[in-house]
């Protein structure tokens with residue numbers, strides 16, 4: 001039985017079981033969402049708004065795959081770049097992500113569904129996770145904190161387009177809604193983080 005068959009049958013498969021890596025992304029054609037050169041300049045680009053999320057916890061593990069064996073749900077590939085408003089890619093920025101599990105619950109004591117990495121030479125980041133459930137007080141989202149070397153950090157929330165829960169959350173802004181598509185039974189989401197640098 002393929003993973004697609006399992007998903008159609010409603011059986012959740014842990015994201016870690018997929019063993020997704022950058023090389024796997026390339027082979028599957030997903031690298032177009034999270035690889036390549038620096039992001040192009042765009043005069044219509046706007047600063048990424050901050051959003052207050054008190055669930056951040058410093059000291060998360062450095063890793064790309066933040067969903068472990070105990071994290072069933074639809075696979076999510078999240079990628080983008082950290083860039084300055086003046087079109088500069090910001091390499092070695094520390095990008096932390098954290099999120100609820102598929103039921104909307106956050107890990108309050110450990111680092112389940114939490115992790116960080118540094119952006120590459122083109123300012124790019126990518127994480128492998130699961131689509132989160134709807135948590136109390138907010139629409140379905142992934143939280144992200146970007147900290148360029150020696151600069152202030154920006155904490156924000158990234159929302160899913162077309163999600164009915166968006167209508168009840170005042171934190172949802174157009175600049176915080178990711179672009180998504182479905183590829184290989186996974187949700188692929190992209191968003192650039194634009195800082196005042």
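Each reported figure results from applying straightforward, stated rules to the coordinates on display, with no laboratory input. This structure is a prediction, so every number in the text was calculated from the model and none was measured. Glycine gets a Cβ as well: all are built from the backbone with ideal geometry, and neighbour counts include every protein chain shown.
The protection proxy used here, the mean number of other Cβ atoms lying within 10 Å of each residue, ranks peptides 174-181, 117-124 as follows, highest first: 117-124, 174-181. The calculated FRET efficiency for the pair residue 105 and residue 62, based on their C-beta separation and a Förster distance of 35 Å, comes to about 0.90. Ordering 154, 144 from the fewest to the most neighbouring beta carbons within 10 Å gives 154, 144.
Taking the fewest neighbouring Cβ atoms within 10 Å as the starting point, the ordered list for 106, 111 is 111, 106. Principal axis analysis of the Cα atoms in the range 135-183 yields extents of 38, 30, 18 Å, listed in decreasing size. Here, the range 98-191 has an Rg and a Dmax of 13.7, 39 Å when only alpha carbons are counted.
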